[in-house]
Amino acid sequence: MKPGPLPLGNGRRLVLGPGLGEAEARAALGRELAAQVSRGGYFNLTDNSRFGAPPDVAGARVELTDDEPSLQPGDIGVRLDLSEAPASCSDSGAAVPVGCKATALTLRAHLFAAAGAFLVNGAAFTAVAEPGEAAKALAEVVAAFLKAITPVEVTRWVELDGSDGDQTSMLQAAADGQVARAREELRFYAVEHQDNAAAWFNLGVLTEALGQQGEARRLFQRAIALRADRRYREALGRCDAALLAGGETASVD
């Protein structure tokens, strides 16, 4: 996975605390954020926005209030502030400027670790809303916020070793998208054919495709011990690089 424009580390639990903004708009924000987080599938969200006062973000670190639920190690604290201001008709895209009543909705994000260290401090996301389109603008700023903090799955095509015809059905299943099933079948095959370098290599590729870089590296090393194949060495190097960079997920071909 490649970090988003606003990297947060490995944390996946967002804990939404109180923030600034009109109460009704903030309630809508909580609902929209929960819906988009659920659809996205990467983060989990805990909504504590009704408890306590907004955390103090004016200093070098976030100051949490005593009555705010504490964050657990790995949690990402979230303070989101909403504000509105008049927008120019040129911003809204209106064809006729006379009587334009567009507003600019701004979401300002402060994200922090359990100990109070800032991960994101004051990043702003803005959308222009025509009268009656506040919900649309809110959805836009929430989507922009989540896009900025969500890691991106980096996919590359990796050549499998098709030299052993007995593995053909398993490799085809993987190429058809049934990677988990194919890996399990290939795992049993490799155990039964301990000296089959292609089996260990292909098992490593499918393991890498499922995001398990450390295990994939071990499998590639086992394949190399059986056969000095250029593809095997390249796969090991790719795996080492991915582990150092924080991990990328491979696809299969």
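Taken together, the values in this text are just the output of simple stated rules run on the coordinates, not laboratory data. Note that the coordinates shown come from a computational prediction; the quantities given were computed from them, not determined experimentally. Please note: Cβ atoms are built from the backbone with ideal geometry, for glycine as well, and neighbour counts cover all protein chains shown.
Here are some notes:
- On the basis of the beta-carbon distance and an R0 of 45 Å, Asn48 and Gln178 show a calculated FRET efficiency of 0.65.
- Note on Ala134/Arg61: beta-carbon distance plugged into 1/(1 + (r/R0)^6) with R0 of 41 Å gives a FRET efficiency of 0.75.
- Between helix 179-192 and the chain: long-axis angle, C-alpha atoms, 0 to 90°, nearest 10: 30
- Estimated vicinal HN-Hα couplings, Hz - the stretch 126-137 in sequence order (Karplus 6.51, -1.76, 1.60; Gly, Pro = x): 10, 9, 9, 10, 6, x, x, 10, 4, 5, 5, 5
- The amide H of Val152, built 1.01 Å from its N in the peptide plane, has Lys2, Gly4 as neighbours under 5 Å, considering only residues 5 or more places off or on other chains.
- For Arg39 and Ser163, the difference between the fully extended length at 0.36 nm per residue and the C-alpha to C-alpha distance is 40.5 nm.
- Helix axis angle, 230-245 relative to the chain longest principal axis, alpha carbon, degrees: 30
- Prolate/oblate/rounded call for the stretch 13-149, Cα gyration tensor, a/c under 1.5 rounded: prolate
- Helix content alone sets the calculated 222 nm mean residue ellipticity of the chain: runs of n ≥ 4 DSSP H residues at -39500 (n - 2.57) each, divided across all residues, give -13000 deg cm²/dmol.
- Ranked list, fewest to most other Cβ atoms within 10 Å of each Cβ, for Val62, Val191, Val57, Val152: Val191, Val152, Val57, Val62
- Helix axis angle, 213-226 relative to the chain longest principal axis, alpha carbon, degrees: 20
- 3J(HN,Hα) couplings calculated from phi for the stretch 50-57 with the Karplus curve 6.51 cos²θ - 1.76 cosθ + 1.60 (θ = phi - 60°) are, in sequence order, 8, 9, x, 9, x, x, 6, 10 Hz; Gly and Pro show x.
- The chain, relative contact order [Cα under 8 Å, separation at least 6], %: 18
- Antiparallel DSSP beta bridges within the stretch 13-149, percent to nearest 5: 75
- Beta bridges per DSSP, both residues in the chain: antiparallel share near 75 percent.
- Distance from the Cα centroid of the stretch 1-67 to that of the stretch 205-239 is 39 Å (rounded to whole angstrom).
- Magnitude of the charge dipole for the stretch 165-245, about its Cα centre and with charges confined to Cβ atoms of Lys, Arg (+1) and Asp, Glu (-1), is about 280 debye.
- Along the stretch 32-41 the Karplus relation, 6.51 cos²θ - 1.76 cosθ + 1.60 evaluated at θ = phi - 60°, assigns HN-Hα couplings of 5, 4, 4, 5, 6, 5, 5, 5, x, x Hz to successive residues, with x for each Gly and Pro.
- Think of the chain as having a plus end and a minus end, set by charges on the Cβ of Lys, Arg, Asp and Glu; of Gly21, Ala225, Thr106, Ala225 sits farthest toward the positive end of this dipole.
- Within-14-Å neighbourhood charge of His193 [Cβ basis; K, R +1; D, E -1]: -3
- Calculated SAXS-style log₁₀ I(q)/I(0) at q = 0.08, 0.10 Å⁻¹ - the chain, Debye, Cα scatterers: -0.48, -0.66
- Amide H partners (placed H, <5 Å) of Leu119, local residues excluded: Leu111, Phe112, Ala113
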